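Undergrad: Below you'll find the structure I mean.
The values are calculated or read from the model by the stated rules, or taken from the named source; none is laboratory data. Values in this document were obtained by computation on a predicted structure and should not be read as measured data. So basically every Cβ, Gly included, is an ideal-geometry build from the backbone, and we count neighbours across all protein chains shown. Side chains included, ligands, DNA and RNA excluded: accessible areas come from the protein's heavy atoms. Shrake-Rupley method; radii C 1.70, N 1.55, O 1.52, S 1.80 Å.
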Amino acid sequence: MKCELSPFQVDFMRRKDEPLVILQTGVGAGKSRALAWWCIYRCKKGERVLAVAQNYRALCEVLFREIQIVCAQLGIDFEENKSSKTMRIGDGWVYGATGDNPKGILGFTDFTCAVFDEAAYLPVEVYHFVCDRLRGENVDEPIMRFTSSPSSEPASAWFRQLCMDNQSCVIRATSLDNAFTSKKYKLSIWDRNGPL
């Protein structure tokens, strides 16, 4: 089965082997779905992906759920272990970690790449701990993917600086750029929040 992507998600996936890509989009634009696609792509290559979300609920109910949905759409088998926060897809693995327990990341090792969902809400310790884990076999340059939504709260200083220092790596989209949500949904977001 073929799955379609919004144009900004296509751009995100085309940069599949670039060391750094940051996706900044509005609520409901499809950033977690893009991360799911990217995690599956890396796993099908036999890689180990370290996936970080704000908390356990966000990890399981957003990022891992999106991976499950995409796998089901594509007919890809996967195994999930909720207690260890892991998913096996093909010969690769996704290992989950959360921002509410930065020191829990210290037990991980030998990853080739990492994803950060809603990175603006994560403490800098998470970023540093993850960077130290990206030393998997044949890793010349770590590969990282970040997503985040705009917020009335200021983004973590480390993430704001990462975006400013790497403007060419940032893909921006709004909630209106999701080709798969209804017009009614988009209008409700616009009415409440303005253009995101």
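Undergrad: Only sites in a loop by DSSP and with at most 10 other Cβ atoms within 10 Å count here; which trypsin sites (Lys or Arg not before Pro) in the stretch 1-92 make the cut?
TA: Counting only loop positions with at most 10 other Cβ atoms within 10 Å, the trypsin sites (Lys or Arg not before Pro) in the stretch 1-92 are Lys2.
Undergrad: Oh, and also: Enter the accessible area per residue of the stretch 53-163 (Å², integer; probe 1.4 Å; all protein chains in place).
TA: Ligands and nucleic acids excluded, the figure is 49 Å² per residue.
Undergrad: Charges at C-beta only: +1 for Lys and Arg, -1 for Asp and Glu. How large is the resulting dipole of the stretch 1-119 about its Cα centre, in Debye rounded to 20?
TA: Dipole magnitude for the stretch 1-119 comes out near 40 debye.
Undergrad: Once neighbouring chains are kept in place and the probe is 1.4 Å, which whole percent of the accessible area of the stretch 1-126 is contributed by carbon and sulfur?
TA: Using a 1.4 Å probe with all protein chains present, the stretch 1-126 comes out at 48 percent carbon and sulfur.
Undergrad: If I model a spin label as a point 7 Å beyond the Cα along the Cα-Cβ vector, how far apart are those points for Asp110 and Arg57 in nm?
TA: For Asp110 paired with Arg57, the spin-label model returns 3.6 nm.
Undergrad: Let me ask something else. Report Phe129's accessible area, 1.4 Å probe, all protein chains in place, as a number in Å² to the nearest 10.
TA: Roughly 50 Å² of Phe129 is accessible to a 1.4 Å probe.
Undergrad: Taking the stretch 5-144 on its own, what percent of its Cα-Cα pair distances exceed 27 Å?
TA: Result for the distance tail: 11 percent.
Undergrad: Order Asp17, Asp91, most accessible first, counting only protein heavy atoms with a 1.4 angstrom probe.
TA: Ranked from most to least accessible, the order is Asp91, Asp17.
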